């Protein structure tokens, strides 16, 4: 029996694995990285780190100002999540801080603002609206992270959206769903590589937009193994009969599994240069932790499928990889 698997040797080439306010008109761009802060919006943090307590007290409650000043005295704010971790700061006050930063010329029109604790560029905003207004119901069901069978019909009914505020005002479009919409709307270098892998259709498939819970229960064949990490044992063991691995996945594991899929898909040269895509993935997963599962299936006695998915425990960034063999 000869399984059409790619040996480890094929993987070797792939696995290596305070400023002044600005009034400029720098060109906006989409945000391809797994971040809550578009580069065009970095001035929001510059302002939050530099504004005097007196100025902040003009539009924030005194106790929130005290919390913010005490926190930044320890270390400057580095992202929106860092700023929103201050007691008393959530979306409404993030938006207020962003608008004060705009008034003081720390950001300009290339930064659209902060929505659902995500600072987006003007081009991000255009891409998100374009996606939200045109994505199919099936695509939205994969992207929406909360009550998708309620939220997706609400999104479809509310289209077309003229602005981001109209989008986030839809019931259920919270921080995780809005970020997922941003990610789905923008093609990163890794997303472009994923498309080439899938187009090759050579015993490998990858995705970055999927519902991990639905994926866990999707079984394209007789289950052969299930091992998960960071997911409740009541689901994995109690409901599905799998096993729990104690340690979470790290960035190296995610990268290696993706590189394996690329090598399999490219064995006849159909994928092409994967350098940029894999480098982008490496940058997104470096130093991160992921929950997920490895699943095995036998669609028939002559073939097998191994599916692995990873979800960032903080940001929700996700990667799914399937590889398969046929006798």
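The values are calculated or read from the model by the stated rules, or taken from the named source; none is laboratory data. Quick caveat, the model's predicted, so the values are computed rather than measured. A quick note on method: Cβ atoms are made from the backbone with ideal geometry, for glycine too, and the neighbour counts reach across all protein chains shown.
Summary of values
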| item | result |
| --- | --- |
| Some residue of the range 114-133 being in a loop (DSSP other than H, G, I, E, B), in contact with a helix residue (DSSP H, G or I) (Cβ under 7 Å, 6 or more places away or on another chain) and closer than 30 Å to residue 47 by Cα | yes |
| Residue among 37, 5, 68 that alone is surrounded by 19 or more Cβ atoms within 10 Å (Cβ to Cβ), farther than 22 Å from residue 178 by Cα and either in contact with a helix residue (DSSP H, G or I) (Cβ under 8 Å, 6 or more places away or on another chain) or at pLDDT below 95 (or both) | 68 |
| Leading residue by the ranking (farthest from the chain's Cα centre (by Cα)) among those in the range 175-202 that are surrounded by 17 or more Cβ atoms within 10 Å (Cβ to Cβ) and not in a helix (DSSP H, G or I) | 202 |
| Pick from the range 54-63, criterion surrounded by fewer than 17 Cβ atoms within 10 Å (Cβ to Cβ) and out of contact with any helix residue (DSSP H, G or I) (no Cβ under 6 Å at 6 or more places or on another chain), ranking: farthest from residue 316 (Cα to Cα) | 54 |
| Any hit, the range 77-92, residues being in contact with a strand residue (DSSP E or B) (Cβ under 6 Å, 6 or more places away or on another chain), part of a loop (DSSP other than H, G, I, E, B) and surrounded by 14 or more Cβ atoms within 10 Å (Cβ to Cβ) | yes |
| Residue in the range 268-279 that is part of a helix (DSSP H, G or I) and closer than 19 Å to residue 201 by Cβ present | yes |
| Members of the range 203-229 found to be closer than 18 Å to residue 313 by Cβ and over 17 Å from the mean Cα position of the chain (by Cα), listed by number | 216, 227, 228, 229 |
| Options 158, 139: the member that is farther than 20 Å from residue 212 by Cβ and either outside the structural domain of residue 318 (by TED's automatic domain parsing) or more than 18 Å from the chain's Cα centre (by Cα) (or both) | 158 |
| Residue list for the range 32-61, filter: assigned to a helix (DSSP H, G or I) and in contact with a strand residue (DSSP E or B) (Cβ under 8 Å, 6 or more places away or on another chain) | 39, 40, 41, 43, 44, 45 |
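One line per residue, one yes/no per condition, for (1) within 20 Å of the chain's Cα centre (by Cα); (2) buried (at least 22 other Cβ atoms within 10 Å of the Cβ); (3) more than 25 Å from residue 80 (Cα to Cα):
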| residue | (1), (2), (3) |
| --- | --- |
| 231 | yes, no, yes |
| 266 | no, yes, yes |
| 275 | no, no, yes |
| 289 | yes, no, no |
| 301 | no, no, yes |
| 314 | yes, no, no |
| 319 | yes, yes, no |
